[in-house]
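This report refers to the structure that appears directly beneath it.
The values are calculated or read from the model by the stated rules, or taken from the named source; none is laboratory data. Predicted model only: the values in this text are computed from it and were never measured. Cβ: placed from backbone, ideal geometry, glycine included. Neighbour counts: every protein chain shown.
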Amino acid sequence: MDKNAVWSELVLEISSCRKCRLAENRTRAVPGEGSLDTKIMFIGEAPGRSEDEAGRPFVGAAGKLLSELLQSINLRRENVFITNVVKCRPPENRDPLEDEIRSCSYFTNSIIQLIQPSLIVTLGNHAGRYVIEVLGGIRWYGVSRMRGNVYEVTLFGRKTLVIPTYHPAAALYNPAPKKALEEDFKLIATRYKELTENEVKAKERRKTLLDFMR
């Protein structure tokens, strides 16, 4: 089964999921969106009101800031993949609870395994803790202490780089997180460029080896 078919099945499963209390009041589930062939994935915390209405991630004020940050490093939303650790909106936009993140983990893990990103950017405390500590086995000390660094973890048998940073919503009314986000996106750009260049070099080496074997 190809990636598009697997993704279509996941979307259907997420849209009909009743595994936790968040399903009770949702308007629409928010599976995620973007390129299935990208090497970079962004994982946030939970949908808000705008996302719940649209069924798409990061379409409100925080989403506008995320799009601006992506543009600042010459990336577009359609060239990355964006999802959240829970796929339904928590009441009153509260933080997702631990059991809700756990209930949604099958979908989060399935999406990571489908995309197979080389670089994951976690947005906010809950996403950082889930990817780095729960999946990666590295102690999580909170986004303010962990941001600005690159962590190498093994996710489902693959070496993956993880860069934690603040959720864009934290920067809407506070200049300090916004400045940190801008710095972290420069780091993201640097590491993503390195990954892309290394991938091109690896393809060239394979091509040269095949030519030599002929």
> Which residues, taken from segment 114-160, are surrounded by 16 or more Cβ atoms within 10 Å (Cβ to Cβ) and assigned to a strand (DSSP E or B)?
Replying inline: LEU119, ILE120, VAL121, THR122, LEU123, TYR151, VAL153, LEU155, THR160
>> Suppose the filter is in contact (Cβ under 8 Å) with a residue 60 or more places away in the chain, crowded, with 21+ Cβ neighbours inside 10 Å, among the hydrophobic types (A, V, I, L, M, F, W, C) and closer than 26 Å to MET1 by Cβ; does ILE82 pass it?
In response: no
>> If I filter segment 161-186 down to residues being modelled with pLDDT of 95 or more and outside any helix (DSSP H, G or I), which single residue comes out as nearest to ARG94 (Cα to Cα)?
In response: HIS167
>> Looking only at residues that are in a loop (DSSP other than H, G, I, E, B) and in contact with a helix residue (DSSP H, G or I) (Cβ under 6 Å, 6 or more places away or on another chain) in segment 74-89, which one is nearest to GLN116 (Cα to Cα)?
In response: VAL85
> Restricting attention to segment 96-106, and to residues there that are over 17 Å from GLY55 (Cβ atoms) and within 17 Å of the chain's Cα centre (by Cα), which single residue is surrounded by the most Cβ atoms within 10 Å (Cβ to Cβ)?
Replying inline: PRO96
>> Quick check on ARG205: is it over 26 Å from ILE73 (Cα atoms) and in a helix (DSSP H, G or I)?
In response: yes
> Mind checking which residues of segment 181-204 are within 21 Å of ARG145 (Cα to Cα) and surrounded by fewer than 19 Cβ atoms within 10 Å (Cβ to Cβ)?
Replying inline: GLU182, GLU183, LYS186, LEU187, ALA189, THR190, ARG191
> Pick from segment 138-153 the residues that are touching a strand residue (DSSP E or B) at 6+ places or on another chain (Cβ under 7 Å) and not aliphatic (A, V, I, L, M): which of them is nearest to GLY44 (Cα to Cα)?
Replying inline: ARG147
